[in-house]
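What follows is one structure encoded as structure tokens, with my remarks underneath.
Every read-out reported here was derived from the displayed coordinates using simple, explicitly stated rules and does not represent laboratory data. These numbers come from a predicted model, not from an experiment. Quick reminder, even Gly has a Cβ in these numbers, built from the backbone with ideal geometry, and neighbours come from all protein chains shown.
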Amino acid sequence: MTVEILFPEVCSLYGDLMNIEYLVRSCPEIQVVRTSLKETPAFVTRDDVSLIYMGTMTERAQELVIAALLPHKGRIMQLILDGTPFLITGNALEIFGKYIECDDGSKIDCLGIFGTYAVRRMMQRYNSLYIGKFGEIDIVGFKSQFTHSYGDAEPLFETVRGDGLHPGTMAEGVRRNNFMATYVIGPLLILNPDLTVYILDLIGAKGCRPAYEEAAYDVFRTRLREFSDPNRGFTY
Amino acid sequence: MGKLRFLAALWAAKLSRPVLKLTRHNGTNFPGELAIKLCPDFLKYIGKPETIISVTGTNGKTTVNNMVCDIFEAAGKTVLDNRAGSNINSGIATSLIVGATLFGRAKYDTAVFETDERSALRIYPWVRPKYILMTNLFRDSIMRNGHPEFIADILTAYIPKESKLILNADDLISCSVAPDNDRVYYGIEKLDSDRTECINLINDMRICPKCAGKLEYDYLRYHHIGRARCSACGFTSPPYDYSGREIDYAAGTVTIADKAGSGVYALVNDSIFNIYNMVAVAALFREMGMPHEKLTEYMKHAKVVETRYRELDVGKIRIITQLAKEKNALAITRAFDYIRGLPGPKKVLLMMNCLNDEKHWSENTCWMYDCDFEFLNDPQIGQIVVSGPRARDYRLRLLFAGVPDSRILCLPDELEGARQIDFSPGDMVCIFHGVDSFAVTQKVLEIISRRAEEACAE
């Protein structure tokens, strides 16, 4: 199994890279390919990439990433249609939408693979706790972002508490086949051992259990209980 | 109308001060908050000292600000400062109220203000520093600060054009701030302990700011602090105007040099972070024309405040309280790195929980996976007690860092952690706490001190 991390030199905010380290700790057979901005992604030249991962980045990095991925848009669309797993966290989600609207009204064109668009307000940072559902799996995590996304897309999570892609919607994230993108951070997989098991199964690591399983579930259950407390503030 | 409103706000704020004293609420921002509430552009009208020094940056600004004030005091000069209050607009307004006459004229000719970098937009339009000393720009609270590029952009937008910047040349993020402003750079020359590859989880300068090519480092100290170059486009870190060199830990000295000469300075503290702070402070005073001969003497009076780092010897047990600013992965990494570097066996109590967040919602714990907990996986570190509301998260993170579960004791009650941490004569007990946990840290310290006395008596 090969997991490709796209642009770890810039897509490295908020502990997101540890999502993949957690997969490796759970299944040491996983090989990791780290692709930098100046390199051709492995998913372009290879057919054996089991999971493509990209995490949270700065706003300037978003523009570099769009430029790096745009030549490979067709290949990305084909991989999504073919069912190749993608895990996209934080504002990396926006790269696959139509555009990002900036504070001054200007728009940054994105890959345009999905019908979503993001609205960025740098002086209105949004922070929230999050509880959602991925099928039967409970999801917990955090949101901390300068943007919200709007537009049509099949959601990844159904929000139980908190906001989805933007305030007022329960639809969180973007999903098509095995393409999974969400604003929820944590790191997502470390905070959600059941989701980790799902991803491990999906990429062929069947039977692997999440690393530090007892401690991870202890943290997960504690957080789910805390976040479910109706007296606990949710949006900051 | 504006001036009348300002005077009303000033008098109300001044009147509030004796009331606060009577009710033992000294050191709050209330006068400044009140003044700004009554007169939103209060900072525009209040009299300002002719020379304002602003100390900003992510980490170290309180220490640097205090050192600057200590040196002014040692030199016999009284300056206005905001040490008793806060570093946001209301804290600075409070200081200016103290330093103004009844009609709002400034009573001081010089002010030293620690300035919250995120609050630049509410301060610098009206409080226009002659010098802005920037310690560094790193990741801080994910919720408030996002990432350092965001903070650098705020500073660039709001730093007055006339302010002279004193910048850390070894930090390319702060070097990028306000590129059109006059500036000088300080830094620390290559050390034996330097590397060329980063070993930290956080490194926010991996690509060239000009061409996005891979940056290479001639030397790298921690995170992105070091001297970088881009072999693709020729970009390099700026040269030093003020450099720290020849650090002699045995003698406790560092040489600080500039084009006009050099001085040998007694180390205020032997952590590299605080040596940067010293070089920054020296650069400021050298810019203001103070000769090395005087500055080396005055620097001896500069201190790192006890709330940040404190050592207490009880018999053969040394107890250390180390501020590890909550949710600040980089500050906590630096604290871990410093403590692990101290010689001798150690026991650790982790309790840098963001208690204020826990009162209202729940601490965002993403920072834990940016922070090098791996530094606690050290043969000299024995038991690690994890405490507070996020004790379980600490445990999971420590397991991730390779610390065996048998060495971790998970006790969500901090005081119970203090009662159960296992130490004996010859040990060092290191308590990592945050700003929110100053009060509980004091109680923890008392319990551990009492137990240390008993252990040594046996």
When Cβ neighbours within 10 Å are restricted to other protein chains, what is their mean count per residue of peptide B:209-220?
2
Ratio of Rg to Rh over segment B:185-303 (Cα coordinates, Kirkwood Rh, two decimals)
1.02
For B:K346, counting only lysines whose alpha-carbon sits under 16 Å away and dropping same-chain residues fewer than eight positions off, the answer is B:K316
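Taking 1 over the mean of 1/r across every pair of different Cα atoms in segment B:309-457, what Kirkwood radius in Å do you get? List each step's numbers first, then the result.
Details: mean 1/r = 0.0667 Å⁻¹.
Roughly 15.0 Å, rounded to one decimal.
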Rounded to the nearest 5, what is the percent of antiparallel bridges among the DSSP beta bridges in segment B:309-457?
25
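Among the listed pairs B:K161/B:K210; B:K61/B:K161; B:K61/B:K107; B:K210/B:K303, which are separated by more than 27 Å between their Cα atoms?
Pairs exceeding 27 Å: B:K210/B:K303.
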Compactness index (Cα Rg / 2.2 N^0.38 Å), segment A:107-236
1.09
For peptide B:395-402, compute the average count of partner chain beta-carbon atoms within 10 Å of each residue's beta-carbon.
5
Given a cut-off of under 8 Å on Cα pairs at least six residues apart, what relative contact order in percent is computed for segment B:1-151?
31
Can you list, bin by bin at 10 Å, the percent of alpha carbon pairs in segment A:1-114, starting at 0?
14, 48, 31, 6, 1
Ordering of B:135-146, B:244-255 by packing [mean C-beta count within 10 Å, highest first]:
B:135-146, B:244-255
Rounded to 5, the percent of DSSP beta bridges in the protein assembly as shown classed as antiparallel:
50
Where Cα atoms sit under 17 Å apart: lysine pairs in chain A separated by 8 or more or lying on different chains
4
Under the definition of Cα pairs under 8 Å and six or more residues apart, what whole-number percent is the relative contact order of segment A:51-124?
31
Enter the mean number of other protein chain beta carbons within 10 Å of the beta carbon of each residue in A:10-21, as an integer.
5
Across chain B: Cys residues that no other cysteine approaches within a C-beta distance under 4.7 Å:
B:C39, B:C69, B:C175, B:C198, B:C354, B:C366, B:C371, B:C410, B:C430, B:C456
When N counts the residues of the protein assembly as shown, how does its alpha-carbon radius of gyration compare numerically with 2.2 N^0.38 Å, as a ratio?
0.98
Taking 22 Å as R0, compute the FRET efficiency from the Cβ-Cβ separation of A:C102 and B:K161 and round it to 0.05.
0.35
Compute from the Cα atoms of segment B:176-228 the Rg and the Dmax, the latter being the longest Cα-Cα distance, and quote both in angstrom.
12.3, 35
Starting with the highest mean, order A:55-68, A:13-26 by the number of other Cβ atoms within 10 Å, averaged over the residues of each peptide.
A:13-26, A:55-68
If you average the alpha carbon positions of segment A:104-183 and of segment B:282-353, how far apart do those two centres end up, in angstrom?
42
Using the eigenvalues of the Cα gyration tensor, what equivalent ellipsoid semi-axes result for chain B when each is taken as the square root of five times the eigenvalue, whole Å, largest first?
36, 29, 22
So if I take the centroid of the Cα atoms in segment A:35-66 and the same for segment B:126-147, what is the distance between those two points in Å?
31
Using Cα positions and a limit of under 12 Å, work out the aspartates and glutamates in reach of B:K325, with same-chain residues fewer than 8 apart set aside.
B:D140, B:D436
Arrange the peptides B:336-343, B:451-458 so that the one whose residues have, on average, the most other Cβ atoms within 10 Å appears first.
B:336-343, B:451-458
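Quick one: if you take sqrt(5λ) for each eigenvalue of the C-alpha gyration tensor of segment A:60-158, what semi-axes come out, biggest first, whole angstrom?
On the way: eigenvalues 94, 87, 23 Å².
They are 22, 21, 11 Å, listed from largest to smallest.
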Expressed in nanometres to one decimal, the distance between label points 7 Å along Cα→Cβ at B:S449 and A:L224 is 4.5
Counting only DSSP beta bridges with both partners in segment A:2-228, the antiparallel fraction in percent, to the nearest 5, comes to 60
For chain A, what is one quarter of the convex hull surface built on the Cα atoms, given in nm²?
11.9
In a Gaussian network model of chain A with springs linking alpha carbons closer than 10 Å, the residue among A:T182, A:T40, A:T116 that fluctuates most is A:T40
Return the FRET efficiency for the residue pair B:R24, B:L191: r is the Cβ-Cβ distance, R0 is 56 Å, and the value is rounded to the nearest 0.05.
0.75
Pop the C-beta distance of A:E213 and B:Y249 into the FRET formula with R0 = 60 Å and round what comes out to the nearest 0.05.
0.85
Please list, by residue number, every one of the trypsin sites (Lys or Arg not before Pro) in segment A:98-167 that is coil in DSSP and has at most 15 other beta-carbon atoms within 10 Å.
A:R121
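Tally Lys/Arg at +1 and Asp/Glu at -1 over every other residue whose Cβ is under 12 Å from the Cβ of B:G85; what's the total?
Result for the local shell: -2.
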